[in-house]
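Working notes, beginning with the structure itself.
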Amino acid sequence: MPRLIENDDTTAHGLEACLDQLGCGFDPGDEDSLANAASALKKLANDRDFLGDLLIAQLQNRHREGGSDSGYGPQSIVLSPNRGGHFLRANIWPSEDEACFRASGAKTFVYGIPHDHNFSFLTAGYFGPGYLSDYYEYDYEAVAGYRGENAGLRFVERSALETGKLMLYRAHLDVHAQLPPESLSVSLNVMHIDPAQGWYDQYGFDLDSNAVTGILNPTSTECFLRCAVGLGGEDALDFAEWAGHAHPSDRMRLASYEARAGLLGLAGRDALWREAENAGSVMVAKEAARRRAALEEATREPAM
C-alpha cells in the first residue's frame, strides 16, 4: 500500500507558504526532499480555511482569473503551475449521495477502477472521512502489459484517506481500487512530474482474474501516428514500419501495427498481425495473437 508518513505537526500555513517551502523541487526518491514536501503538505492540510476561501473567491470572480488555463474542473483543482517537476492539486471525492455522483456515475470519479500510477505523489486527507481504497502491490518489471496477463497483485488492506492522514503513492508499485467515501471528502496532492513518465505505462486491472485490463495512459503520439498513416504517404508508412520493429515503446509498436492494419483487407491484416507476433515484444505478440483470433472468428462461417 502507499507509504504512510507519520507527522503530528499542528502548525498551519497557507498556499503561498506551502509553495515557498516546496521551492523548486520534489523528488520522492530522496528522503530529505520527501520529508520537506510532506512537512509542507501537512501544514497546508492543517489550514482549514485556505481551500474554501479560494473556492469562494473563484465563485465570486466567476472563474475569470486565469482564463481557460485555470485548471478548475468538476473534481480536480490545480493549485499551482508546474514548478521544477511538481505541482499542487486538490481532489473532490463525492459520496454516492451527491447529485454529481448520481448524474455522472462512479467511473467518472475513477471509483471501482483498479489502477496503478506512472508517477509518485504525496496525498493528504483534507476534509471528510476520505475515499476508501482496497490496496495492492505488484512487480511492474515482471509485467509485459498485454490484456489478460496475470499481474500478480498482492492484497495489502482496505483503508480510508481520513482527514490528516499523509501518504506517498509510489509509481509502478501501489495499486488501488477506490470506493466512494461515506460523505463528501477532499484530498490534497503534491504531484511529481517526470518528462519521461508518459512513456511509462499505467495499467488497469481486474481484481477477480488478477489480470491487466489495458493501458490507461495513451499518448497523443500514438494518435498522431495513426492519423499520419491513415492520411497516406510513404514517409508515414516507412516510419510506422520502423516503429513496429524498433521503437522503444511497446505502445508505439502496437499503434504502428494498428494503423497499418486499418489500410488492409482481412487477409492483409492477418499477415500483418502474424508479422507482429514475431516483432520482438511480448506485449505486441500477445495483442497480435488476440487480433488474429478475432479475425479468424469474424471470417468463420456461422454454424447451421
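Quick notes
- Segment residue 100-residue 266, length gained on full extension (0.36 nm per residue, minus Cα span): 55.3 nm
- Residues whose placed amide H lies under 5 Å from that of residue 86, excluding near-sequence neighbours: 193
- Using C-alpha pairs below 8 Å separated by at least 6 residues, the relative contact order for region 168-304 is 13 percent.
- Partner lysines whose Cα lies under 21 Å from the Cα of residue 43, excluding those fewer than 8 positions away in the same chain, are identified as 165.
- Gyration tensor (alpha-carbon) shape descriptor, region 1-45, a/c threshold 1.5: oblate
- Interchain or long-range residues, amide H under 5 Å from residue 158's placed H: 135
- Rounded to 5, the percent of DSSP beta bridges in region 88-179 classed as antiparallel: 90 percent
- Pair residue 235, residue 55: separation of 7 Å Cα→Cβ label points (nm): 5.0 nm
- When you restrict to C-alpha pairs under 8 Å that are six or more residues apart and normalise by the size of the chain, the relative contact order lands at 18 percent.
- 0 to 90° range, to nearest 10: angle between helix 234-246 axis and the chain longest Cα axis: 80 degrees
- Rounded to the nearest 20 debye, dipole of region 111-175 from Cβ charges on Lys, Arg, Asp, Glu: 160 debye
- Electrostatic dipole magnitude of the chain [Cβ: Lys, Arg +1; Asp, Glu -1; Cα centre; debye, to 20]: 660 debye
- Radius 14 Å from Cβ of residue 221, net charge of other residues (Lys, Arg +1; Asp, Glu -1): -1
- Of the residues 126, 77, 46, the one whose Cα sits farthest toward the positive end of the charge dipole of the chain, with +1 on the Cβ of Lys and Arg and -1 on the Cβ of Asp and Glu, is 77.
- In sequence order, region 30-47 has phi-based couplings of 9, 4, 5, 5, 5, 5, 5, 5, 5, 5, 4, 5, 4, 5, 5, 5, 6, 7 Hz under the Karplus curve 6.51 cos²θ - 1.76 cosθ + 1.60, θ = phi - 60°, and Gly or Pro positions carry x.
- Shape call, region 121-198: gyration tensor on alpha carbons, a/c limit 1.5: oblate
- Of all DSSP bridge pairs formed entirely within the chain, close to 95 percent run antiparallel.
- Solvent-accessible heavy-atom area per residue, rounded to whole Å², over the chain at 1.4 Å: 50 Å²
- Formal net charge of residues neighbouring residue 18 (Cβ-Cβ distance under 15 Å; K, R +1; D, E -1): -1
- Since only 145, 200, 298 are under comparison, the one whose Cα sits farthest along the positive direction of the charge dipole of the chain, derived from C-beta charges on Lys, Arg, Asp and Glu, is 298.
- Solvent-accessible area, 1.4 Å probe, carbon plus sulfur percent, for region 78-134: 57 percent
- Computed extension length for residue 107-residue 298: 65.7 nm, one decimal, from 0.36 nm per residue of separation with the Cα-Cα distance subtracted.
- Karplus (6.51, -1.76, 1.60) ³J(HN,Hα), θ = phi - 60°, over region 273-280, in Hz, Gly and Pro reported as x: 5, 5, 4, 5, 5, 10, 8, x
- Each Lys and Arg contributes +1 and each Asp and Glu -1, all at the Cβ; summed about the Cα centre of region 224-304, the dipole is approximately 260 debye.
- Local net charge near residue 174, Cβ-Cβ under 13 Å (Lys/Arg +1, Asp/Glu -1): -2
- Residues 16, 6, 222, ordered by accessible area of protein heavy atoms at a 1.4 angstrom probe radius and largest first, appear as 6, 16, 222.
The values are calculated or read from the model by the stated rules, or taken from the named source; none is laboratory data. On a predicted model such as this, the values are computed, not experimentally measured, just so you know. Positions of Cβ are backbone-derived with ideal geometry, glycine not excepted, and every protein chain shown enters the neighbour counts. Surface accessibility is based on the protein's heavy atoms, side chains included, excluding ligands, DNA and RNA. Shrake-Rupley method; radii C 1.70, N 1.55, O 1.52, S 1.80 Å.
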